[in-house]
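Here's the structure, in structure tokens; my notes come after.
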């Protein structure tokens, strides 16, 4: 299924309201499936700070940047995705940037559950697990993770002797797509296949709802990309991550 459409020069242009939602996924998530969580206006929207710093703009215009400023206090930061390297206007400082691979899984494969040791247990995570989730996210840095991030979707974790060793969950929700996110494993448990096991659980939940999984991963994280490719994810495009500070 194509995410874009074109028209012939011999006929009228066919209007397309949303041809490429994955080119601006944060914005489209906040405008559709996650609109009840959105703070902002028709030009810029963000998730509540307790959920995370992700924000989207309708377009990279001066008006959108002005609207963005109303969503963050002086000295505070927001994280945005861009299709091209961003050039923020005066009044904003880019404190961090990175290139991400946006991957999509239209044809899943190798979805047999990976083996875990008898002592390990996989289960859905609940608000009671948030302290352990925050500890694991702080240690492994899978991306922005805050005390209310669990509200973005279903999360699964693997435990051993009561300790959370790995987790994965869902973040951005669009009408046809759901993002797999926060995939991380404690250093003591790497190489045991836990990330793959959790990915399978998250993907299965997405597919049961008739949606397509997608994700974002640092382009330099070749080990994670290899795992994702093994499950059927393919590169869709490069995405530019920018963390912008409001200079006030």
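Taking the stretch 211-244 and a reference point 7 angstrom along Cα→Cβ of residue 32, the backbone N atoms nearer than 16 Å belong to 211-215.
Placing one equal scatterer on every Cα of the stretch 33-77 and applying the Debye formula, the log10 ratio I(q)/I(0) at q = 0.28, 0.30, 0.31 Å⁻¹ is -1.07, -1.17, -1.22.
Hey, what's the Kirkwood Rh for the chain if you take every pair of different alpha carbons, in angstrom?
Details: mean 1/r = 0.0525 Å⁻¹.
Kirkwood radius, the chain: 19.1 Å.
Sort 134, 215, 54 so the one with the fewest other Cβ atoms within 10 Å of its own Cβ comes first. Mind dumping the intermediate values first?
Details: 134 15, 215 26, 54 23.
Ranked by crowding around the Cβ, least crowded first: 134, 54, 215.
Between the alpha-carbon centres of the stretch 49-83 and the stretch 188-248 there is a gap of 23 Å. Taking N as the residue count of the stretch 103-237, its C-alpha radius of gyration divided by 2.2 N^0.38 Å amounts to 0.97.
For residue 112 and residue 39, FRET efficiency with R0 = 30 Å and r from the beta-carbon atoms, rounded to 0.05?
Taking R0 as 30 Å, the efficiency between residue 39 and residue 112 is 0.15.
Extension gain, residue 98-residue 229: 0.36 nm per intervening residue step, less the Cα-Cα distance, totals 45.1 nm. If you run the Gaussian network model on the chain, springs between alpha carbon atoms under 10 Å, then out of 34, 176, 102 the most flexible one is 176.
Built from the Cα atoms of the stretch 185-248, the convex hull projects on average onto 6.9 nm², one quarter of its surface area. You can think of it this way: the chain between residue 204 and residue 247 has 11.2 nm of extra reach, that is 0.36 nm per residue less the Cα-Cα gap.
Here the peptides 226-237, 20-31 are ranked by packing, the mean other Cβ count within 10 Å, and the order with the highest first is 20-31, 226-237. For 93, 126, the sequence from fewest to most other C-beta atoms within 10 Å is 126, 93.
We did not get these values from a lab; they are worked out from the coordinates using the rules stated. This structure is a prediction, so every number in the text was calculated from the model and none was measured. Cβ: placed from backbone, ideal geometry, glycine included. Neighbour counts: every protein chain shown.
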